[in-house]
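Only one structure is covered here, and it is reproduced in the block below.
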Amino acid sequence: MKILIAEDDPISRRILEARLLEWGYEVMIASDGGEAWEIIQQPESPSLIISDWMMPRMDGLALCRKICSMEKSEYIYFIILTAKGEKKDIIEGLEAGADDFLAKPFNPEELKYRIRIGERIINLERRILELANTDSLTGLLNRRAFMERMEQEMSRAQREKKPLSLILADIDHFKGVNDTYGHQIGDLVLQRFVGQLTTSTRPYDFLGRYGGEEFVVCLPGGDGLQAVSIAERMRRQVEDMKIMLPDDSRSIRITASFGTACYSIESGKNIDLLIKSADDALYLAKDKGRNCVCSSCA
């Protein structure tokens, strides 16, 4: 786990850093609250902060309040280290949003176990967030989480003037699978289908379950030709896939239909229009007889 030390005293910083490194943590250093605030706003910033109370530019309580007010997907656990040890000081620190309070000079073993408590809380929060954002059957982003990620990617595409594409994929005649083999086999088919989609994507693409047997893939930086190429590769892999049933005596095959759509500055599409374009292309693929790729990209 990555821990940020915000401490203006160089000796205290070195002592803290040495202890944390000894305990196996990755350490970042800030010499005052202002520098710590700059670090926290960066991508992949630390999840736990050990901050002195009295610092130049921005003190520990001001830093804590700013962090509590910011919009951040992951929780940041905040420990205040200070020579202030009166009850009113502890209350003031906790009211500012601090999770824990340790008086100087601190006992190293006490600090270690307070950090471990913070680590457990952070891991629990991450697990809860993962469950809230993930489709339990396939492990993909659920629809809400996918749309939130899409908003971020669309904003980036607009800011950097880069393309972005979507693929909507739908398993053909999936109701027949459930009716013939039952819902447990239907779930197995969905999982195997997702596995094939995943093998065709690039490391920075992301997938979501859009609903039922329909899935969506976002291709950041991908243009229309790339979207069609990736969708066609997915289609072939799904068509070639043999799904063995649990008793190993039978196998079934499936096909899927794909619709693609692309965003560019020139297109002027927003997220809703982009999804509608991909959906229209998917319906066209269904009308053409299924097991094909259709594109709405110009």
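At 1.4 Å probe size, what's the solvent-accessible area of Ser51? Round to the nearest 10 Å².
Per-residue accessible area (Ser51): approximately 0 Å².
Count neighbours as other Cβ atoms within 10 Å of each site's Cβ, and list the GluC sites (Glu not before Pro) in the stretch 1-83 that are DSSP loop with at most 16 such neighbours.
On the way: sites: Glu7, Glu17, Glu22, Glu26, Glu35, Glu38, Glu44, Glu71, Glu74; in loops: Glu7, Glu44, Glu71, Glu74.
Those that pass, being in a loop and sparsely packed, are Glu44, Glu71, Glu74.
Ignoring ligands, DNA and RNA, what percent of the accessible area of the stretch 144-298 is carbon or sulfur (1.4 Å)?
Whole-percent figure for carbon plus sulfur exposure: 48.
Under a point spin-label approximation (7 Å from Cα along Cα-to-Cβ), what is the Glu119-Lys104 distance to one decimal in nm?
Here the answer is 2.5 nm between the modelled labels.
Which of the three applies to the stretch 124-175, rounded, prolate or oblate, going by the alpha-carbon gyration tensor with a ≥ b ≥ c and a/c under 1.5 meaning rounded?
Numbers: a/c = 4.00, a/b = 1.17, b/c = 3.44.
It comes out oblate by the Cα gyration axes.
Just check the stretch 186-249 against the gyration tensor rule for me: Cα atoms, a ≥ b ≥ c as the square roots of the eigenvalues, rounded for a/c under 1.5, and otherwise prolate or oblate depending on whether a/b exceeds b/c.
On the way: a/c = 2.70, a/b = 1.85, b/c = 1.46.
The shape class here is prolate.
Let me have the 222 nm mean residue ellipticity of the chain computed from DSSP H runs of 4+ only, each contributing -39500 (n - 2.57), with the sum over all residues rounded to the nearest 500. Could the numbers behind the result be given before it?
Working: 10 runs with 143 residues, N = 298.
Theoretical 222 nm ellipticity from helices: -15500 deg cm²/dmol.
Using the Karplus curve 6.51 cos²θ - 1.76 cosθ + 1.60 with θ = phi - 60°, work out ³J(HN,Hα) for each residue of the stretch 122-128 in order, rounded to whole Hz, and write x for Gly and Pro.
4, 5, 5, 5, 5, 5, 4
Enumerate the amide H contacts of Tyr77 below 5 Å, restricted to partners 5 or more residues apart or on another chain; note that Pro and chain-start residues carry no placed amide H.
Under 5 Å from the amide H of Tyr77: Leu48, Ile49.
Round to the nearest 10 and give me the degree value, 0 to 90, for the angle of helix 60-69's Cα axis relative to the longest principal axis of the chain.
Relative to the chain, helix 60-69 is tipped by roughly 20 degrees.
Take every Cα pair under 8 Å in the stretch 1-121 that's 6+ residues apart, average their separations, divide by the length, and report that relative contact order as a whole percent. Could you put the intermediate results ahead of the total?
Values: 189 pairs, mean separation 27.3, N = 121.
Computed value for the stretch 1-121: 23 percent relative contact order.
Return the sequence-ordered ³J(HN,Hα) values of the stretch 90-96 in whole Hz as given by the Karplus equation 6.51 cos²θ - 1.76 cosθ + 1.60 applied to θ = phi - 60°, using x for Gly and Pro.
4, 4, 4, x, 5, 5, 6
Taking the alpha-carbon distance from Lys276 and a cut-off under 16 Å, which lysines remain once sequence neighbours fewer than 8 residues away in the same chain are dropped?
Lys286
If you line up the long axis of helix 224-240 against the longest principal axis of the chain, both from Cα atoms, how many degrees apart are they, to the nearest 10?
Helix 224-240 and the main axis of the chain meet at about 70 degrees.
If I ignore ligands, DNA and RNA and count only protein heavy atoms, how much of Val177 is accessible to a 1.4 Å probe, in Å² to the nearest 10?
20 Å²
What do you get for the angle between helix 143-160 and the principal long axis of the chain? Use alpha-carbon atoms, 0 to 90 degrees, nearest ten.
With both axes taken from Cα atoms, the answer is about 80 degrees.
How many Å² of accessible area per residue for the chain, probe 1.4 Å? Before the final figure, lay out each step's value.
Working: 15340 Å² over 298 residues.
Per-residue value: 51 Å².
Any idea how far apart Gln191 and Glu151 come out in nm if each label point goes 7 Å out from Cα toward Cβ?
Result: 3.3 nm between the two label points.
Between Arg57 and Leu21, what's the calculated FRET efficiency when r is the beta-carbon distance and R0 is 22 Å? Round to 0.05.
Details: r = 26 Å, r/R0 = 1.17.
Efficiency computed from Cβ-Cβ geometry: 0.30.
What share of the DSSP beta bridges in the chain is antiparallel, in percent to the nearest 5?
Numbers: 23 of 45 bridges.
Bridges in the chain are about 50 percent antiparallel.
Apply the Karplus curve 6.51 cos²θ - 1.76 cosθ + 1.60, θ = phi - 60°, to the phi angles in the stretch 166-183 and return the couplings in whole Hz, x for Gly and Pro.
10, 10, 9, 10, 9, 5, 6, 6, 5, 4, x, 5, 4, 5, 7, 10, x, 6
What label, among (i) 15.4; (ii) 17.4; (iii) 19.9, belongs to mean projected area of the Cα convex hull in nm² computed from the structure on display?
(iii)
Got the relative contact order for the chain handy, in percent, Cα pairs under 8 Å and 6 or more residues apart? Provide the component values of the computation, followed by the final result.
Working: 494 pairs, mean separation 38.7, N = 298.
Relative contact order comes out at 13 percent.
The values are calculated or read from the model by the stated rules, or taken from the named source; none is laboratory data. Remember, predicted model here, so these are calculated numbers, not experimental data. All Cβ positions, even for glycine, are placed from backbone atoms using ideal geometry, and neighbour counts span all protein chains on display. Quick note on the areas: whole protein, heavy atoms, side chains included, nothing else; ligands and nucleic acids left out. Shrake-Rupley method; radii C 1.70, N 1.55, O 1.52, S 1.80 Å.
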